[in-house]
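The structure appears right after this line, and notes come after that.
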Amino acid sequence: MLAGNWKMHTTSAEATTLIEGIATAARAAKDREVVVGPPFTLLETAKRAIGDAPISLAAQHLHWEPKGAFTGEVSGEMLRDIGCSHVIIGHSERRQFFGETDATVSQRIGAALRVGLHAIVCVGESLEQRENNQTLAVIDTQIRGGLHGLDAAAFASLTVAYEPVWAIGTGKVATTEQAEDVHAAIRKQLGTLVGGDVAETVRILYGGSVKPDNVDALMAQPNIDGALVGGASLDPKAFSRIIEFSN
Ligand code: PEP
């Protein structure tokens, strides 16, 4: 899976141009799933621009209630209604700036799965946590806190994205070894939650300054099953090259 997180970027004209610019690469990408995550306001525009191209539409966030007095929030039902198939949950920017916790991540995952949305669940450590050798403990807490209580069927509708916070938007990419080590540990943790057979089938994406010049090496790692891409997903040429990675 190659998923673009557009964050709070793009106008409607830019969104259309961007999708038109990656459609050729997406059509050629027979063995990979391409996902774009525009802001809420552009989901409908993006859906129209996608047309029949094999590009899935993701929202960047959802509320766990189906409807109600929650000013400013958007529900899973609303996302399905507008044509989303995927939703990003627990991005580090939500955790850092908007009070997202493992408990609210868990509630959002439940809400997404209830309406048939595929959840892309983000985990990752800060620089301080990495320097204090807490990476695996932090990831373990996030995985257990967000994914506890889910059965094997739920894991079929779920992708994990490992995004070291220090590598997001900084140009500092984790080395392939650093990324692969954490991905392997995540797969092991998933195995303890849901069993090794199911854990083998869960895709684990890497995110954090993925670019055309580092994507091939990352994707060659045995436990890296795709990428969640911020900055480079806003450039159709760069994201097309990421979609076309070779390993
Ligand atoms: C992200 O926002 O999920 C991300 C990985 O951003 P960037 O690729 O810009 O580091």
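The values are calculated or read from the model by the stated rules, or taken from the named source; none is laboratory data. Owing to the predicted nature of the structure, the values given are computational and were not obtained by experimental measurement. Here Cβ is always computed from backbone atoms with ideal geometry, including for glycine, and neighbour counts include all displayed protein chains. Just the protein is used for accessible areas: all its heavy atoms, side chains included, with ligands, DNA and RNA removed. Shrake-Rupley method; radii C 1.70, N 1.55, O 1.52, S 1.80 Å.
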Quick numbers on the stretch 29-87, Rg and Dmax over C-alpha atoms in Å, give 12.3, 43
Taking 110-122, 149-161 and ranking on average Cβ neighbours within 10 Å, highest first, one gets 110-122, 149-161
Per the stretch 115-247, sqrt(5λ) over the Cα gyration tensor eigenvalues, sorted largest first, in Å, gives 23, 18, 13
The answer for residue 120, listing residues at least 5 apart or on another chain whose modeled amide H is closer than 5 Å to its amide H, is 87, 88, 89, 159
Expected unfolding gain across residue 213-residue 96 under the 0.36 nm per residue rule, minus the alpha-carbon gap, is 39.3 nm
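Order the following by accessible area, largest value first: 56, 75. Probe radius 1.4 Å; ligands, DNA and RNA are ignored.
Details: 56 25, 75 5 Å².
Result of the area sort, largest leading: 56, 75.
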Once amide hydrogens are built 1.01 Å from N within the peptide plane, the residues lying 5 or more places from residue 64 or on another chain with amide H under 5 Å from its amide H are none
Here, trypsin sites (Lys or Arg not before Pro) of the stretch 150-192 satisfying both criteria (DSSP loop; at most 13 other Cβ within 10 Å) are 172
Going residue by residue through the stretch 135-147, the Karplus relation 6.51 cos²θ - 1.76 cosθ + 1.60 with θ = phi - 60° gives ³J(HN,Hα) values, rounded to whole Hz and with x marking Gly or Pro, of 3, 5, 5, 5, 5, 4, 5, 5, 5, 5, x, x, 10
Karplus ³J(HN,Hα) for the stretch 96-109 (6.51 cos²θ - 1.76 cosθ + 1.60, θ = phi - 60°; Hz, whole; x = Gly/Pro) runs 6, 10, 10, x, 5, 10, 4, 5, 6, 4, 4, 4, 5, 4
Subtracting the Cα-Cα distance of residue 85 and residue 193 from 0.36 nm times their residue separation yields 36.4 nm
For the stretch 79-93, in residue order, the Karplus 3J(HN,Hα) values (coefficients 6.51, -1.76, 1.60; θ = phi - 60°; whole Hz; Gly and Pro = x) are 5, 4, 4, 8, x, 6, 10, 10, 8, 7, 10, x, 4, 4, 5
Cα-based Rg then Dmax for the stretch 191-247, in Å, read 13.1, 40
Filtering trypsin sites (Lys or Arg not before Pro) in the stretch 1-109 by DSSP loop and by at most 11 other Cβ atoms within 10 Å leaves 30, 67
One checks the Cα atoms of the chain and finds Rg and Dmax, in Å, of 16.8, 48
Per the stretch 1-131, sqrt(5λ) over the Cα gyration tensor eigenvalues, sorted largest first, in Å, gives 25, 18, 14
